[in-house]
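Please read the structure below before turning to the comments.
The values are calculated or read from the model by the stated rules, or taken from the named source; none is laboratory data. Predicted model, so just to flag it, every value in this text is computed and none were measured. Neighbour counts are summed over all protein chains in view; Cβ atoms, including those assigned to glycine, are modelled from backbone coordinates with ideal geometry. What goes into the accessible areas is simple: the full protein's heavy atoms, side chains included, and nothing from ligands, DNA or RNA. Shrake-Rupley method; radii C 1.70, N 1.55, O 1.52, S 1.80 Å.
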Amino acid sequence: MNINKIIFIYIIVLPLSLFSQQFTEKVFQQLYTVSYFESISFFGNGNKIIYTVSSPNFEKNKYTNTLWMKDLTSGSPASKINLKDGSYSSLTASNDGKNIYFLSNVNGNGNQVYFYSLNDGTLQQITNSPKSIQKYIFSNTFDKLYYLAEDTLSSGEKNVLEKKQDGYFWEENKKFNSIYELNLTTKKTTKLTFGYNIKSFTLSHNGKYIGVLGTTDANISTENTTEVYLYDVQGKTTKRLTRNNIIERQLSWSENDDYLLFISAANENLEPYYQETIFKLNLNGEKPINLLPTFQYQVIKYDIEPTSKSIIFIANKGLTQQLFKLNINDGTVNELTDYKGVVKNFLINNVSSKIVLQISDPYTPDVLAIGQIGKWDFKILQKFATSWLDLNPNINKSLLPKYQPIEWFSTDGTKIQGIVILPANFDRTKPYPLIVELHGGPNGSYQLIYSQHWSTLPQLLTSNGYIILQVNYRGSAGYGNSFMRGIINNFFELGTEDILSGVNFLIETGIADKNKLALIGYSAGAHFTNWIITQTNIFKAAISIAGMSNWISFYAQTEVPYLREIWFNSTPYDNYEKWFSQSPIKYAKNITTPTLFVGGELDKRVPLTQSLEMWKALNRLNIPTHLLVFPRESHSIEELSHQYQLIKNEIEWINKFLRE
């Protein structure tokens with residue numbers, strides 16, 4: 001079914017009163033007709049790629065995937081693989097190039113491993129795990145399959161944990177994830193790990209060892225207790241390699257299986273809460289070595305390029321993401337790209353010497369640029385790429401707003417970066433109502449990327465006559481460790497000054513109307529929103545999505561309390577006054593800003609009760625407010641109908657108080 005037709009039907013059947021007068025239907029349609037690349041993998045000898053395309057599916061009320069294949073040696077268009085729209089991820093190809101493997105829930109029994117034959121078009125389910133499979137890896141000879149899944153429940157546990165007919169101990173209401181081995185010849189499944197909650201794993205090239213990220217605690221609130229283990233496939237023994245208080249991720253093997261690599265948000269002393277960097281871990285249990293001790297940006301993803309003994313990686317530079325190359329032997333780092341946007345992903349193939357870059361900028365939703373490994377001159381991508389894949393060639397750029405990076409100085413003299421987003425028909429001679437947007441994390445950052453995320457609405461807000469300021473306030477990543485750690489001991493102080501000084505900067509330049517200001521924040525950005533409306537009355541409206549109100553109650557409710565201990569350098573039981581003095585709810589009586597609070601009913605990261613506290617305070621103080629609750633949603637709003645409802649309510653809320 002045509003997606004434009006689906007959206008058109010949605011717009012027609014809904015009462016027109018649901019839309020503000022300024023709501024731009026064309027922009028809304030464009031926003032929900034954009035597709036994105038998700039899982040991408042080389043195929044066969046590396047001269048083909050397979051990939052999934054994620055597109056909005058209003059019939060299923062979510063994004064679904066289609067599976068595609070592209071021959072990189074010819075000019076022929078990509079071909080769609082004949083499978084129904086659904087969920088397809090973790091793409092793998094057989095060595096002979098005849099089969100495609102992936103995770104899918106097409107049979108409705110949780111994620112299982114499937115293979116699709118390119119010869120005869122058959123689809124076959126390989127695994128039959130009682131629980132959804134989270135990750136899988138084939139042995140080099142494709143005779144064994146290793147996968148990660150939650151442990152199955154005993155009959156007694158099912159009664160307590162699933163039916164909830166009896167009382168249960170809160171701290172024991174968790175199950176471990178374990179690694180299983182499926183012998184593809186005998187069809188026998190064997191559980192390999194016991195007593196560990198496995199987060200992820202990676203198989204050595206020679207198939208002798210499995211590198212494991214695991215912990216002895218199943219609770220996510222203690223994920224900083226994750227350690228690296230070495231599992232001997234033949235001996236069935238496990239050896240612990242690390243002992244620290246950091247979170248390791250993206251574990252992988254070196255070319256010769258003589259050491260492991262991982263990413264962690266730590267410094268060279270293995271102290272937590274620094275920008276993420278790459279560590280080398282020898283198999284003898286020595287202390288992990290930070291391979292980028294002086295690098296000033298946040299590492300996002302890496303891969304090894306064995307032919308040049310290098311590590312290729314993506315790093316967040318604040319407003320952009322670029323590709324870098326680390327020489328393993330001498331530690332030198334070279335920046336390979338200078339893209340006025342974001343390098344989202346990459347993959348390299350040493351057989352065909354091809355590299356694929358997945359890129360985006362404010363006017364380009366998602367494109368694959370494909371070229372040769374030997375041509376490391378990416379400065380001009382048009383010269384590098386031998387072929388392109390653009391999922392949205394017909395995007396109407398005349399409807400898109402204009403993105404302008406800006407800089408200003410905060411009250412303490414620190415340089416702050418942000419993005420001003422202007423209407424397509426921006427008129428410099430008059431001031432505009434201003435919407436300030438605050439990102440989550442807080443160690444995220446706003447970047448020069450095509451934005452379709454439901455928490456940011458640049459196309460819709462600018463088409464309604466607003467300008468937007470997106471602020472990379474203190475605590476954001478991409479600006480060095482000192483900048484990111486600027487929230488420690490006083491979460492709101494410096495960031496608030498960064499935000500308000502940016503607002504003043506735009507007012508002084510004459511493009512923002514000081515009498516028409518609004519504030520929108522998501523997650524940590526909503527924490528700041530809740531705080532700022534207690535400290536100033538300059539904003540005529542605010543929207544807080546999944547925001548914190550009370551650090552003390554939040555500490556007990558959130559699934560990741562250890563982060564809060566780092567931010568406050570204590571627990572609330574050590575320093576109650578410090579924690580409560582930085583809680584927005586303490587100053588609720590100062591609020592005059594009409595505020596819309598939004599939360600997911602099942603949110604464990606920032607539970608709905610935090611928004612309830614703020615809403616109750618404003619309601620009692622007779623400040624205009626609503627609490628918009630989405631059933632079945634957690635920290636992210638996933639259902640398309642819910643995203644639609646959120647967008648509609650956000651536009652109406654802003655218009656109500658800035659159009660008066």
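Descriptive notes on the structure:
- If the condition is being polar (S, T, N, Q) and open to solvent by less than 60 Å² (accessible area, probe 1.4 Å), then segment 110-141 contributes N111, Q112, S117, Q125, T127, S129, S132, S139.
- Selection of segment 565-579 for residues being open to solvent by 10 Å² or more (accessible area, probe 1.4 Å) and either more than 22 Å from Y273 (Cα to Cα) or assigned to a helix (DSSP H, G or I) (or both) yields E565, I566, Y576, E577, K578.
- In segment 201-236, the residues that are of a type outside the set (A, V, I, L, M, F, W, C), open to solvent by less than 30 Å² (accessible area, probe 1.4 Å) and closer than 17 Å to Q250 by Cβ: T202, S204, G211, G214, T215, N224, T226, E227, Y229
- All positions within segment 580-622 that are among the polar types (S, T, N, Q) and either in a loop (DSSP other than H, G, I, E, B) or closer than 17 Å to I543 by Cβ (or both): Q582, S583, T592, T593, T595, Q610, S611, N619, N622
- Filtered residue count, segment 409-441, keeping only those that are part of a strand (DSSP E or B), within 28 Å of the chain's Cα centre (by Cα) and surrounded by fewer than 19 Cβ atoms within 10 Å (Cβ to Cβ): 1
- For segment 65-79, the tally of residues that are among the charged types (D, E, K, R) and surrounded by 17 or more Cβ atoms within 10 Å (Cβ to Cβ) stands at 1.
- Residue check, Y587 modelled with pLDDT under 95 and open to solvent by 20 Å² or more (accessible area, probe 1.4 Å): no
- Pairs, first closer than 26 Å to L357 by Cα in segment 284-307, second buried (at least 19 other Cβ atoms within 10 Å of the Cβ) and acidic (D, E), C-beta under 8 Å, six or more apart: Q298/E276; V299/E276; I300/E276
- Selection within segment 67-95 - without any contact (Cβ under 8 Å) to a residue 24 or more places away in the chain and assigned to a loop (DSSP other than H, G, I, E, B): S74, S76, P77, K84
- Counted residues, segment 626-641 - those being surrounded by fewer than 19 Cβ atoms within 10 Å (Cβ to Cβ) and closer than 20 Å to S55 by Cα: 4
- Looking at K301, K325, K280, just one residue is closer than 30 Å to N47 by Cβ, open to solvent by 20 Å² or more (accessible area, probe 1.4 Å) and at pLDDT 95 or above, and that residue is K301.
- Checked against the criterion of being modelled with pLDDT of 90 or more, among the polar types (S, T, N, Q), within 30 Å of A424 (Cβ to Cβ) and under 16 Å from the mean Cα position of the chain (by Cα), segment 344-353 contains one or more residues that satisfy it.
- Of all residue pairs spaced 6 or more apart or on separate chains, those with beta-carbon atoms under 6 Å, a first member in segment 404-427 that is on the phi < 0 side of the Ramachandran plot and a second member that is polar (S, T, N, Q) and open to solvent by 50 Å² or more (accessible area, probe 1.4 Å) are V420/Q404.
- Residue pairs whose Cβ atoms lie under 6 Å apart, sitting 6 or more positions apart in sequence or on different chains, and linking a residue in segment 252-272 that is more than 19 Å from D303 (Cβ to Cβ) and among the charged types (D, E, K, R) to a partner that is at pLDDT 95 or above and open to solvent by less than 30 Å² (accessible area, probe 1.4 Å), are E268/N290.
- For segment 313-343, the set of residues classified as polar (S, T, N, Q), part of a strand (DSSP E or B) and under 20 Å from the mean Cα position of the chain (by Cα) consists of N316, Q321, Q322, listed by residue number.
- Only residues that are farther than 19 Å from E638 by Cα and open to solvent by 60 Å² or more (accessible area, probe 1.4 Å) were counted across segment 80-107, and they come to 7.
- Within segment 284-297, the residues that satisfy the criterion of being surrounded by fewer than 17 Cβ atoms within 10 Å (Cβ to Cβ), of a type outside the set (D, E) and not in a strand (DSSP E or B) are N284, G285, K287, P293, T294, Q296.
- Helices (runs of 4 or more DSSP H) within segment 451-554 that include 3 or more residues hydrophobic (A, V, I, L, M, F, W, C) and open to solvent by less than 30 Å² (accessible area, probe 1.4 Å): 493-509, 524-535
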